[in-house]
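Read-outs: derived from the displayed coordinates by stated rules, not from any lab. Here the structure is a predicted model, which means the values were calculated and not measured. We place every Cβ from the backbone using ideal geometry, glycine too, and count neighbours over all the protein chains shown.
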Amino acid sequence: MEEQQAPAAPAKPAPKRRALWIVIAVVVVVVVVLLAALLGGLFGPPEDRVLKIGTVLSITGGLAAYGTKNRQGVQLALSEINAAGGVLGRPVQEFDQDDNTQPTTARSAATTVVSQNHVDAIIGPTGSGQCSTVVEVAKANGVYEMSGSCTSPKFSNLTLTGGWWGRTAPSDALQGVVAASYAHSNLSLARAATIGINNAYGTGLSNVFAGNFSRLGGTVTASSPRYVTEVQNGATDYTLDLEAVLDVSPAPQILYVVAYPPDGILLVKNFVAGLGTHAGWASVQLLFSEGLFDQTGFLDALTTQGYNTSAFLGTAPSAYGGLTGPNYANWAATYNAKWGTNPGLFDDSNYDAAFLIALAAQKAGSATGQAIKDNIQSVANPPGTKIYPGEWAKALTELAAGHDIDYEGASGSVNINSLGDPLSGYVVWAVNGTSHQAYNREIFPESLVVSLLPAPPAAMSVASHESTAFVIGLVARPEA
């Protein structure tokens, strides 16, 4: 018989199993911490705390003379802002695209910064034709767009922009009024025609000039403004277009030309060539828009080729004529110190666009397109503590204290109305026959420009900037 053995003691848990549970517990804790970090922004700020700005500007193409320096204006503002603490405590991120002065390229560029870089705001484009496509992208994606140089009146339209668009350069609705008033009242001319490039800039300003010249009692001799293909899009001769607007009865006494330098140069050459076969052309005064107020690219280019520019006249915002605001000189010195060159046209306006966007996001406490859209007017307009170029640290202090601010920019007061428009004074420029240099022949201060605007309907009052901007559009003919 076998000897009975004592019952075996209970087995102790295996050390490996205990270690496994410890590992599982640690993993759970790590996962929870990681989720909290990702959701709470521990390892990176959430998207609405980082302001991302995309630029869509003409670095190449017909407006390349402006685009690169305009971008430097933006970059100056962002460098100052980031050096003084950034927006919402973080550096502003910048993403740049070149639109090649082409509307289709501008659309693609805007789509890129929106879909790939996830920007909250777009600065640009340089030309109104490109703005027409970019605003569609901005509006559809809830991104705020602000241009420092798109001046077409078509953008003073909330149906088009949805309020997702603004500018720091004045609308050509103002320039058209000044040009029409100067031609009819100052020059005492009764008949006018206009020719413009076939984009938002050319058609918009041509229409406003024609509408206001008629309103003042003048006659627009052609049935409507003439729109021409741009040189960069294939135009090689404007003779037929000139004949269409000048060889009519009664003939115009003045021709308002809305174009850029390549188009203006070709048109002047065709005009001069036609003087020998069109006797009436010699008595026509040429009046140019601000797109041709370019000493090097337009006036000097013609002078060096033997063309006489001494009879030229033109219109432009007052800043073009050197009549800058009180903050411009100091800002220009800062620009020169950073880039080694003096600022050009619209560089100050693009600086102001960047500063305003940053201020709007800081005030809102959120770097989103919606937040910028909702706050852009409140930081651009009085009342509030005045904030000048380069005063980002002061702006942070004032906003942190809950104070209202009123940005006074490098380009001027940049008070923005609900349509996204600022006001401006204007000059009429002429050319010295000896030096061949442009100079200011007449000055139209902002107050005078406002007084020239068409009267509102009886039920309206022109007591505010907003109602004024609305009334301007009443005299503009429909877009072609």
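Just a few scattered comments:
- Reported value for the chain: 220 Å³ per residue, from the convex hull of its C-alpha atoms.
- The residues neighbouring Gly325, those whose beta-carbon lies less than 11 Å from its own, together hold a net charge of -4 under the Lys/Arg +1, Asp/Glu -1 convention.
- Each peptide in 225-235, 58-68 gets a packing score, the mean of other Cβ atoms within 10 Å over its residues, and the list from highest to lowest is 58-68, 225-235.
- For region 206-291, the gyration tensor built on C-alpha atoms gives an oblate shape. Its axis ratio a/c (a ≥ b ≥ c) is at least 1.5, and a/b is not larger than b/c.
- When you restrict to C-alpha pairs under 8 Å that are six or more residues apart and normalise by the size of region 280-376, the relative contact order lands at 17 percent.
- Between Ser249 and Ala455, the FRET efficiency estimated from the beta carbon spacing at R0 = 30 angstrom works out to 0.40.
- Orientation-averaged projection of region 255-391 equals 11.8 nm² [convex hull of Cα atoms, one quarter of hull surface area].
- This model, with +1 at the C-beta of Lys and Arg and -1 at the C-beta of Asp and Glu, gives region 122-259 a dipole about its Cα centre of some 420 debye.
- If R0 is 45 Å, the Cβ-Cβ spacing of Gln295 and Ala401 corresponds to a FRET efficiency of close to 0.45.
- Modelled spin-label separation between Ser115 and Thr229, with each label point placed 7 Å from Cα along the Cα-to-Cβ direction: 3.0 nm.
- Taking only Cα atoms of region 118-194, radius of gyration then Dmax in Å: 15.6, 54
- Mean ellipticity per residue at 222 nm, deg cm²/dmol - from DSSP H runs of n ≥ 4 across the chain, formula -39500 (n - 2.57): -12500 deg cm²/dmol
- Restricting attention to the chain, the count of lysine pairs at 8 or more positions apart or across chains with alpha carbons under 16 Å apart stands at 9.
- The label-point distance for Ser418 and Arg215, in a model that sets each label 7 Å from Cα toward Cβ, rounds to 2.0 nm.
- Between Asn330 and Asn157, the contour length at 0.36 nm per residue exceeds the Cα-Cα span by 58.8 nm.
- For region 152-297, the square roots a ≥ b ≥ c of the C-alpha gyration tensor eigenvalues yield an a/c of 1.5 or more together with a/b not exceeding b/c, which makes the shape oblate.
- Positive end of the dipole of the chain (Cβ unit charges, origin at the Cα centre): among Gly291, Gln175, Thr111, the Cα lying farthest that way belongs to Thr111.
- Electrostatic bookkeeping for Asp352 treats Lys and Arg as +1 and Asp and Glu as -1; over the other residues with beta carbon under 12 Å from its beta carbon, the sum is -2.
- Overall, the chain carries a charge dipole of about 640 debye about its Cα centre when +1 sits on the Cβ of Lys and Arg and -1 on the Cβ of Asp and Glu, all other atoms neutral.
- Rh (Kirkwood; distinct C-alpha pairs) - region 356-427, Å: 12.3 Å
- Length available on full extension from Asn342 to Ala311: 0.36 nm per residue minus the Cα-Cα distance, which gives 8.3 nm.
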